[in-house]
Amino acid sequence: FRSGGRCSYGIVGVGFNHRAGNSLAIEAGYGIHIPVLPWLRVSNEFKAMNISTGSSRSDLNFSWLLAPSFVPGRHFNIFGGPSLNYFMPASEETAGLVPESAPVFARHGLNSLYLGFQVGIQYIF
């Protein structure tokens, strides 16, 4: 769920991560829209995600998304772009949540700094 004004917005999300065995995932963050043209803007999102795997510790993922978005009408937004992610798994078992196809720039123990991608269509109320 994203809610806010014309330039900034908050991000809250709850869901399940099926790759981690149907673990509960909670996400929070902050976003900023940079208007370029009336039909084009660049969205910057800073997010933190907690993936509860049932152990005493949770997996953490921090990300920054830079997504150009096309606004074809008043109620739609089509976006996509790269994200830079830092993943801190709780154990070796969940270290595999980083896709093997993702370019990993750095590893420190089990922690990984990797590149991702996100695309989507948003309906604006």
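Some points to look at:
- For region 60-79, the candidate set comprises residues that are among the small types (G, A, S) and surrounded by 14 or more Cβ atoms within 10 Å (Cβ to Cβ); within that set, the residue that is nearest to the chain's Cα centre (by Cα) is S63.
- Residue list for region 17-48, restricted to those being closer than 16 Å to M88 by Cβ, touching a Phe, Trp or Tyr at 6+ places or on another chain (Cβ under 9 Å), at pLDDT below 95 and among the hydrophobic types (A, V, I, L, M, F, W, C): A25
- Residue selection: S23 fails the criterion of being free of Cβ contacts under 8 Å to residues at least 60 places away in the same chain, touching a Ser or Thr at 6+ places or on another chain (Cβ under 7 Å), within 21 Å of I121 (Cα to Cα) and surrounded by 14 or more Cβ atoms within 10 Å (Cβ to Cβ).
- Residues within region 1-20 that are open to solvent by less than 40 Å² (accessible area, probe 1.4 Å) and assigned to a strand (DSSP E or B), tallied: 6
- Count - residues of region 94-125 that are without any contact (Cβ under 8 Å) to a residue 12 or more places away in the chain and touching a Phe, Trp or Tyr at 6+ places or on another chain (Cβ under 6 Å): 1
- Against the conditions (1) within 20 Å of A95 (Cβ to Cβ); (2) touching a residue at least 60 places away in the same chain (Cβ under 8 Å), R2 satisfies every one except (1).
- Qualifying residues in region 28-48 (those that are within 19 Å of S83 (Cβ to Cβ) and out of contact with any Ser or Thr (no Cβ under 9 Å at 6 or more places or on another chain)) - the one least open to solvent (accessible area, probe 1.4 Å): N44
- The set of residues in region 105-122 that are loosely packed, with under 10 Cβ neighbours inside 10 Å and at pLDDT below 90 comprises A106, H108, G109.
- Qualifying residues in region 48-59 (those that are touching a residue at least 24 places away in the same chain (Cβ under 8 Å) and part of a strand (DSSP E or B)) - the one farthest from G21 (Cα to Cα): M49
- So R57, is it modelled with pLDDT under 90 and more than 13 Å from the chain's Cα centre (by Cα): yes
- The residues in region 60-98 that are closer than 29 Å to V42 by Cα and not in a loop (DSSP other than H, G, I, E, B) can be counted, and the count is 25.
- Residues (more than 15 Å from the chain's Cα centre (by Cα) and either modelled with pLDDT of 90 or more or open to solvent by less than 50 Å² (accessible area, probe 1.4 Å) (or both)) located in region 80-95: P89, A90, S91, T94, A95
The values are calculated or read from the model by the stated rules, or taken from the named source; none is laboratory data. Bear in mind that the values here come from a model prediction, so they are computed numbers and not experimental data. No Cβ is skipped: glycine too gets one built from the backbone with ideal geometry, and neighbour counts run over all protein chains shown. Quick note on the areas: whole protein, heavy atoms, side chains included, nothing else; ligands and nucleic acids left out. Shrake-Rupley method; radii C 1.70, N 1.55, O 1.52, S 1.80 Å.
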